[in-house]
Amino acid sequence: MPGIQQIAGTAVALERRDVDTDQIIPAAWLKRVQRTGFAPGLFGAWRENPDFVLNRPGAAEAKILVAGDNFGCGSSREHAVWALQDFGFRAVIAPSFADIFRGNAVSSGLVPAEVGEGAVTRLFAALAARPGARVVVDVAQRTVAIPAAGIVEPFALADYARWRLLEGLDDIAVTLRHEEEITAYEARRPQWLPTVTNQLALS
Amino acid sequence: MTGRLFDTVWDRHLVASPEGEPPLLYIDLHLVHEVTSPQAFEGLELAGRRVRRPGLTLATMDHDVPTRDLDQPIADELAAEQIARLRRNCEVHGVRLHALGSIDQGIVHVIGPQLGLSQPGMTIVCGDSHTSTHGAFGALAFGIGTSEVEHVLATQTLRQVKPAAMAVTVDGELAPGLTAKDLVLGIIRTLGPGGGVGSVIEYRGPAVRALSMAGRMTVCNMSIEAGARAGMIAPDETTFAWLEGRRHSPRGRQWEQALDDWRGLVTDDGAAFDREVRVDAAALRPAVTWGTTPAQSVFIDDVIPEPGSFATPAGQQAARRALTYMDLRPGVPIRDVTVDAVFIGSCTNGRLEDLRAAAEVIRGRKVHPGVRALVVPGSARVKADAEAEGLDRFFLDAGFEWRSAGCSMCLGMNGDIIAPGERCASTSNRNFEGRQGPGGRTHLVAPAVAAATAVAGHFTLPGDL
């Protein structure tokens, strides 16, 4: 996964709260065994409405999605992140994210930029006034800016998540640096804890 | 003493707490299913890694398996390929698989507890948000994404920022006829769909203690519907009695050792939480959702709410959008809303106790003409046990379809769906737009209410029949 310093491009404003992952990628798409090819399914049901924001001119080139509170709630499907990326999004800006979605986003290199309620209102207003405006999400600085509107807002992103996004780190490789500690931990686990294969071998 | 159950379980699983990184948490049990694992196994193989602890990993097939004609090849080619892929991955990596057709197959959150694999004080993860179910045993259990599935397969650990601790204390007792489903829908309504984000909820209080293990699983299962990372209930005699003698439960001297340990998994009376919420069980009535998040529910005696009655502009907008999608008008009694379908099943309400509650209502009655009703047991074992009690006959005689185990119409991946515009009374956990099929409308209810609704053709209680 390549590191991400900054994302600059146009944005799509999705003024809804509690956008769940069933909307982001409907269940029928979860039968795929690849990480790619999900773009046609992104917001599949909502895109049947010609007025939906992703059907507007320029949306296909957008790199940033701005949405309401509790974005990505519901199912743990990482396919939601893959679908957003496959469509072209590199960052999602919202006042809050569901925990699993946020983790999935960082794992897959989609920037979850958490801004204040006031900031998201200002971003929506600026994008309504200037739909094609260039938006800059700076991971290093943890800011989102719309230069044409004179907007610069800070966003929250945990230090470790920021580091992983900047460096494009393989999380498993980082963890395996602790191999010895994992092995030591395993040696002191209580004996009564269940083990699937051993129990079945006995029965 | 001010210890909390959550901290005890968390601290016990700390493998490493490196400077500047979230701590590494050891995972005692990793449950795997066909939908969120193929890309993880592929990633593992591309990196030349292996499954670190196959013995702590258990796979089953549930999300897109057919629930009828199991003797036939799977008609859905994509589902068939995904299921075959899981079988192949389990064979290559030495992971135990309870495959379709096995008596141990079923919804992953039903079979873990059923086999005695979900025990107090454990950490349990699965690529499924309803993994919170296993918290009913005093385990720390939560859903993860596919990248994390790969991480656990490779390392048997997860890197986790410690969530906040929330207490939901339920005072009083549930009125007769009220169930864990009504309780958890009441809790979610109080918290809102994002009220638990960043938190692990511990459910406490007399009404929680009074719940059976099945009821506790229903409550913990839906923690994610309030946005919570996990839900937990401290283990007690109810838990121990339920676990004793199950296939993977400790035996003999180890059972005694485990019991000694589990009795210490408590939250002290004086413990402080980051947030504390109190719910009065006595104030609850049977719940029915009217909207498109599980937080949008009313009592069965209520009317569809006015969007203007919600406190915030965002809440009002969400209510208006939900009412439009659900094709409902404010002021209409929820009892007057008619349904096209009834679904009894899911990891929320697909256990034997749930089927018994529904069967008791349906016994000797008929499904309303025009209503399509199906029962999908949570596991093959639940199905067999229900049949041993004769429950299948009550359902079949009433006009229900009696299916084989799987997630089925809870998420509509396997072809068990409702048609666009159809309305379903469902014992599942999510009423999101299109959850049970594109354009479908879902109302979440308890099993007995679903059964009564199937008979009446509109939302009603067993006592009204």
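What follows is calculated from the coordinates using simple rules that are stated; it is not laboratory data. No experiment lies behind these values; they were computed from the predicted model shown. FYI the Cβ positions are ideal-geometry reconstructions off the backbone, even for glycines, and counts take in every protein chain you see.
Compute the relative contact order of chain B as a whole-number percentage, counting only Cα pairs closer than 8 Å that sit 6 or more residues apart in sequence. Don't skip to the end; give the middle numbers.
On the way: 1106 pairs, mean separation 77.9, N = 465.
So the answer I get is 17 percent.
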Exposure proxy check on B:LEU70, B:LEU140: fewest-to-most Cβ neighbours within 10 Å is B:LEU70, B:LEU140
Taking only the alpha carbons of region A:74-203, the radius of gyration and the largest Cα-Cα distance, Dmax, both in angstrom, are 20.6, 70
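With an 8 Å cut-off on Cα pairs and a minimum separation of 6 or more residues, tell me the relative contact order of chain A in percent.
Values: 354 pairs, mean separation 49.1, N = 203.
With pairs under 8 Å counted, the relative contact order is 24 percent.
Can you pull the Kirkwood radius for region A:1-107, inverse mean 1/r over Cα pairs, to one decimal in Å? Let's see the in-between values first.
Working: mean 1/r = 0.0721 Å⁻¹.
Across region A:1-107, the inverse of the average 1/r is 13.9 Å.
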Answer in debye to the nearest 20: the dipole magnitude of region B:249-310 about its Cα centre, from +1 Lys/Arg and -1 Asp/Glu charges placed on Cβ, is 280 debye
Note on region B:57-111: C-alpha Rg/Rh, Kirkwood Rh, two decimals, gives 0.94
When B:TYR26, B:TYR203 are ranked with the fewest other C-beta atoms within 10 Å first, the list becomes B:TYR26, B:TYR203
Long-range share for region A:86-127, i.e. C-alpha pairs more than 15 Å apart as a percent of all pairs, stands at 45 percent
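Evaluate region B:251-409: find the radius of gyration of its Cα atoms, find its Kirkwood radius, and give the ratio Rg to Rh. Each step should come with its number before you reach the end.
On the way: Rg = 21.2 Å, Rh = 19.5 Å.
Computed over Cα atoms, the ratio is 1.09.
Taking all pairs of distinct Cα atoms, average 1/r, flip it, and tell me the Kirkwood hydrodynamic radius of region B:318-396 in Å to one decimal place.
Values: mean 1/r = 0.0690 Å⁻¹.
Evaluated on region B:318-396, it is 14.5 Å.
Can you put B:THR179, B:THR36, B:THR312, B:THR460 in order, fewest other beta carbons within 10 Å first?
Numbers: B:THR179 28, B:THR36 24, B:THR312 10, B:THR460 20.
Starting with the residue having the fewest Cβ neighbours, the order is B:THR312, B:THR460, B:THR36, B:THR179.
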What helix-only [θ] at 222 nm does chain B give? Using -39500 (n - 2.57) per DSSP H run of at least 4, over all residues, to the nearest 500, the answer is -9000 deg cm²/dmol
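I'd like to know how region B:124-189 sits against the 2.2 N^0.38 Å rule of thumb: what's its Cα Rg over that expected value?
Details: Rg = 15.6 Å, N = 66, 2.2 N^0.38 = 10.8 Å.
Scaled against compact globular proteins, the figure is 1.44.
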Both in Å, the radius of gyration and Dmax of the C-alpha trace of region B:21-155 are 14.5, 50
Computed over region A:111-185, the distribution of all Cα-Cα distances in 5 Å bins, rounded to whole %, is 3, 14, 20, 16, 12, 10, 8, 6, 5, 4, 2, 0
In nm, the gap between the two label points placed 7 Å beyond Cα toward Cβ at B:GLU276 and B:GLU77 is 6.0 nm
At the level of C-alpha centres, the distance separating region B:279-306 and region B:70-140, in angstrom, is 32 Å
Between the alpha carbon centres of region A:32-94 and region B:142-186 the gap in Å comes to 26 Å
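When Lys and Arg each count +1 and Asp and Glu each count -1, what net charge do the other residues less than 10 Å away from B:GLY439, Cβ to Cβ, add up to? If you can, show how the numbers build up before the last one.
Working: positive: B:ARG441; negative: A:GLU48, B:GLU422, B:GLU433.
Result for the neighbourhood of B:GLY439: -2.
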Given Cβ charges of +1 for Lys and Arg and -1 for Asp and Glu, the option among A:VAL135, B:PRO307, B:ILE144 whose Cα lies farthest towards the positive end of the dipole of the protein assembly as shown is A:VAL135
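When Cβ neighbours within 10 Å are restricted to other protein chains, what is their mean count per residue of peptide A:174-183? Before the final figure, lay out the partial values.
Details: counts 6, 12, 5, 3, 8, 2, 1, 8, 9, 2.
What the average comes to for A:174-183 is 6.
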In cubic angstrom per residue, the convex hull of the protein assembly as shown built on its Cα atoms measures 147 Å³
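Restricting to the protein assembly as shown, compute how many DSSP beta bridges are antiparallel as a %, nearest 5. Intermediate results must be reported in sequence, preceding the final value.
On the way: 24 of 79 bridges.
For the protein assembly as shown, the DSSP antiparallel bridge percentage is about 30.
What number does region B:353-462 give for Rg over Rh if you use C-alpha atoms and the Kirkwood radius?
Numbers: Rg = 13.0 Å, Rh = 13.9 Å.
That ratio is 0.94, to two decimals.
Take every DSSP beta bridge with both residues inside chain B and express the antiparallel ones as a percent of the total, to the nearest 5. Could you put the intermediate results ahead of the total?
Numbers: 12 of 54 bridges.
Expressed as a percentage, antiparallel bridges in chain B total about 20.
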quick note, region B:77-231, DSSP beta bridge pairs, % antiparallel (nearest 5) is 10 percent
Region B:364-429 and region B:1-60 have their Cα centres apart by a whole-number Å value of 34 Å
For B:LYS383, the aspartates and glutamates lying under 20 Å Cα to Cα, once residues fewer than eight places off in the same chain are dropped, come out as B:ASP62, B:ASP64, B:ASP69, B:ASP71, B:ASP104, B:GLU353, B:ASP354, B:GLU360, B:ASP392, B:ASP397, B:GLU401, B:ASP416
One can check that the equivalent ellipsoid of chain B, built from the alpha-carbon gyration tensor with semi-axes equal to the square roots of five times its eigenvalues, has lengths in Å, largest first, of 33, 27, 22
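How large is the dipole of the protein assembly as shown about the Cα centre if only Lys and Arg carry +1 and Asp and Glu carry -1, each at its Cβ, rounded to the nearest 20 debye? Provide the component values of the computation, followed by the final result.
Working: 65 positive and 78 negative charges, 114 e Å.
Once rounded to the nearest 20, the dipole reads 540 debye.
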Given unit charges at Cβ for Lys, Arg (+) and Asp, Glu (-), the dipole magnitude of region B:326-465 about its Cα centre in debye, nearest 20, is 120 debye
Binned at 10 Å from zero, the C-alpha pair distances of region B:174-286 give percents of 13, 40, 32, 14, 1
